[in-house]
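What follows is a set of notes on a single structure, which appears directly below.
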Amino acid sequence: MSSARTTTRQVPGPVRAADAGWWRQAVVYQIYPRSFADSDGNGLGDLRGIISRIPYLAALGIDAVWLSPFYPSALADGGYDVDDYRDVDPRLGTLADFDELTARLHAEKIKVIVDIVPNHTSSRHAWFREALAAPKGSPARNRYIFRDGLGPDGGRPPSDWASVFGGPAWTRVPDGQWYLHLFAAEQPDLNWDNREVRDEFARTLRFWSDRGADGFRVDVAHGLAKNLAEPLGPLPGLNHLDGTLPPGSHPLWDRDEVHEIYAEWRRVFNEYDPPRAAVAEAWVHPSRRPRYASPDGLGQAFNFDLLDANWNAGELLRVITDSLADAQRQGSSTTWVLSNHDVVRHATRYGLPPEDGRVGARNWLLTGGASPRLDRGLGLRRARAAILLMLALPGSAYLYQGEELGLHEVPDIPEDLVQDPVFSRSRGAEKGRDGCRVPLPWAVGGPSFGFGPGTAHLPQPAWFGPLSVEAQERDPASTLSLYRDALRWRRELQAAENMEWLPRTNGRVLHFTRPGGWRCLTNFGPAPVPLPAGDVILTSVPVEGDDLPADTTAWLISG
Ligand code: NOJ
C-alpha cells in the first residue's frame, strides 16, 4: 500500500525461517479443506484442490499450513467427527494425495500441520461400532465413557450435564446404557484413562509424522482428562472459565492430569528430527496456558485473547503485554489469532457494535445479518489495521483462509442449508459457524466463483465475486496485496522475540518497536495522529501527508 510517506524501497524477496524452532514465529495459514478448493466438482473441497492452489499459498508468503480434518467423516461436525484417524475421506482424496500435497508444500518450504482430534471419535469409528455391539462392562465399551442411567429403569441420564453444542451430554444406547459426548451425539468422548486409547493415538501421531507432517494442532486439548468419580454431581456450569470454580478444578476441563498425556506425546514428537511441533487448542484461563505450551508438553498453545478483545487500544495493550509475559515464563512463543473456523470473521466483528460491552455477533447472526447494522467498510478498515498490528508482534501468527481477501461472515445461510450441529442442538438459539466456512471465491464469476467446477456445499453470496482472488490479485490496494506485502516485509524484518512499547502508546495509540528498528503504530481513533520520523514501508490503508488517520496501522523503519 503506497502513500505520500511510503518509502520507495522495494518489497524484499522471500527469506525462509530456519528449521530449528521454525514454529516459534511462523505464519500458519489454516485451511478448512472442504471449503478451500474443489478439484472434482462434487461441491466439497479436496486435497487435489489444495495442490492446485499451492502457487497461491507460496505467493502469499506463509511458513506453514494447518489442515483442518480431512479424515473420513459423516460431517456431523464439519469433519471433527473422525471415522478413521489414519485415512483421507474418499470425497477429499487419498493418502497418496496427502503425500503429494506434503511433498509439494515442502518443496515450497511450507510446513504441514495436521489436526488431531483426541477428545472424541465419531460414532462411525470402528471402536464405537464395536462398543455398541459389545456388552456392558466390556473392554470395547471401556474405550469410551459408558454409564448406567439413573432412576428405577436407568431411564434418566447419569448426570444433568449439557453438551457444549446444546442439549444433553449423554445419549442412550439400545441396551439401556448411556455414553458421554461433550459435543454432538455423533462424537462420543474417549476414555483417556485407558492405556489402549493412549497407545492408539501415539501410533496415529507417528503415522502422520512418518508421512512428513511437521506438526499437529490438538483439538479440545483441555478436555481429555476427566474426573468421573461417582456420583456424577451437578456442575456449576459447563463453562469452566466463568469464575465459579478455581481454575483446574472443573471435573471435565483443564485438569492437571491431562499433562501426563502430553508428556507422552512429547516423547513421540522428539523421536523425529526436527521434533514435531504441536499447538494446543486449549480454552483455559491464561494462568493455565503455560503448561500446555511447555517444552515438555505440546510446546505451544493458542492464545485467543486477541480474538476476544474489543477494538480498543487499552484492551489490546493489556492483552499483548500479558501474553508476551506469559510466553516468556513458559519458554514458548506467543500465538496470535484473529479468525478461525469457529468464530465470526474479524472484519465483521469489528464492524458491529459490541454486544453487552463485548465484541460479538450473536444477535446479528440470528437476524440473518439484518440487525444491528454491519458497517462493512469500518469492519474491513479495522481488520486491515489489526492484521498489520498482529503481524508485527513477536510470536507466531495464525491466519484463517479468506481473511486475506477481507471476507466478511455470511450471515444469511438459509436454515435448511445450515450444517453446523450447534444450530439444531441449540434448537436455533445459536446460528452456528457456517458463515465463516463458506467456500472461498477464487474467480469473479462461475458456478461457485472458481471454488470448483460445480456448485459449492454451502451457498456463496453474490458479494463474494468482487472479493475473489481474481479480482484482488492485480490490485495493489486490495486486502490480498496488503497481506502479501506484509508477509514479505515480515520475513525481512523478523527479529528476536521481543518488543518495546514506545512513548506515544496511550489510550488511543499503540506504538512499539522490534529489535532492528521495525516499528508499528496503530491509531484507534477518532482523530489523526502525527506519524513519527522514519520511512513508512506499509500502511493498512492509503495515507496522505504526515498524519495517521483513525483505525489505521503503519509500519516504519529508521530512515
Ligand atoms: C474445536 C474445533 O475447532 C471445533 O470446530 C469443533 O466443533 C470442536 N473442537 C469439537 O471437535
Is it true that some residue in segment 458-475 is open to solvent by 30 Å² or more (accessible area, probe 1.4 Å), under 19 Å from Tyr350 (Cβ atoms), modelled with pLDDT of 95 or more and out of contact with any strand residue (DSSP E or B) (no Cβ under 8 Å at 6 or more places or on another chain)?
-> yes
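So how many residues does segment 115-144 have that are of a type outside the set (Lys, Arg) and either within 16 Å of the ligand (Cβ to nearest atom) or in contact with a helix residue (DSSP H, G or I) (Cβ under 7 Å, 6 or more places away or on another chain) (or both)? Can you show your working first?
From segment 115-144, those of a type outside the set (Lys, Arg) are 115-123, 125-128, 130-135, 137-140, 142, 144; that's our starting set.
From what's left, either within 16 Å of the ligand (Cβ to nearest atom) or in contact with a helix residue (DSSP H, G or I) (Cβ under 7 Å, 6 or more places away or on another chain) (or both): 115-123, 125, 127-128, 131, 134, 140, 144.
Total meeting the criteria: 16.
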Inter-residue pairs, beta-carbon under 6 Å, first assigned to a loop (DSSP other than H, G, I, E, B) and in segment 232-251, second surrounded by 15 or more Cβ atoms within 10 Å (Cβ to Cβ) and at pLDDT below 80, 6+ apart | His250/His240
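What number of residues within segment 117-149 are aliphatic (A, V, I, L, M) and either buried (at least 22 other Cβ atoms within 10 Å of the Cβ) or modelled with pLDDT under 95 (or both)? I'd like the intermediate steps shown before the answer.
Let us first name the residues in segment 117-149 that are aliphatic (A, V, I, L, M), namely 117, 126, 131-134, 140, 145.
Narrowing further to those that are either buried (at least 22 other Cβ atoms within 10 Å of the Cβ) or modelled with pLDDT under 95 (or both): 117, 131, 145.
Of the residues in that region, 3 qualify.
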Please list, ordered by first then second residue, the pairs with beta carbon atoms under 7 Å, 6 or more apart or interchain, first in segment 195-222 and more than 24 Å from Val65 (Cβ to Cβ) and open to solvent by less than 10 Å² (accessible area, probe 1.4 Å), second at pLDDT 95 or above and away from the ligand (no atom under 16 Å from the Cβ).
-> Val197/Arg143; Val197/Asn191
Of the numbered conditions (1) modelled with pLDDT of 95 or more; (2) open to solvent by 30 Å² or more (accessible area, probe 1.4 Å); (3) at positive phi, Gly167 satisfies every one except a single condition; which is it?
-> (1)
Quick one: is Val112 touching a Gly at 6+ places or on another chain (Cβ under 9 Å), aliphatic (A, V, I, L, M) and open to solvent by less than 10 Å² (accessible area, probe 1.4 Å)?
-> yes
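Quick check on this structure: which one of Pro152, Pro158 is away from the ligand (no atom under 16 Å from the Cβ) and surrounded by 15 or more Cβ atoms within 10 Å (Cβ to Cβ)? Steps first, please.
Working: Pro152 fails: surrounded by 15 or more Cβ atoms within 10 Å (Cβ to Cβ).
None of the others qualify; the one that does is Pro158.
Out of Val359, Val344, Val319, which single residue is touching a helix residue (DSSP H, G or I) at 6+ places or on another chain (Cβ under 7 Å), open to solvent by 20 Å² or more (accessible area, probe 1.4 Å) and away from the ligand (no atom under 16 Å from the Cβ)? Walk me through it before giving the result.
Details: Val344 fails: away from the ligand (no atom under 16 Å from the Cβ); Val319 fails: open to solvent by 20 Å² or more (accessible area, probe 1.4 Å).
Every option except Val359 fails the conditions.
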Does Asp219 fit the bill of being within 16 Å of the ligand (Cβ to nearest atom), over 18 Å from Arg143 (Cα atoms) and modelled with pLDDT of 95 or more?
-> yes
Cross-chain or 6+ apart pairs with Cβ under 6 Å, segment 133-154 first and polar (S, T, N, Q), then in a loop (DSSP other than H, G, I, E, B) = Asn142/Asn194
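The values are calculated or read from the model by the stated rules, or taken from the named source; none is laboratory data. Please read these numbers as outputs of a predicted model, since none were measured by experiment. For neighbour counting, all protein chains shown are included, and Cβ atoms are generated from backbone atoms with ideal geometry for every residue, glycine included. Ligands, DNA and RNA are stripped out before the accessible areas are found, and what is left, the full protein with its side chains, is counted by its heavy atoms. Shrake-Rupley method; radii C 1.70, N 1.55, O 1.52, S 1.80 Å.
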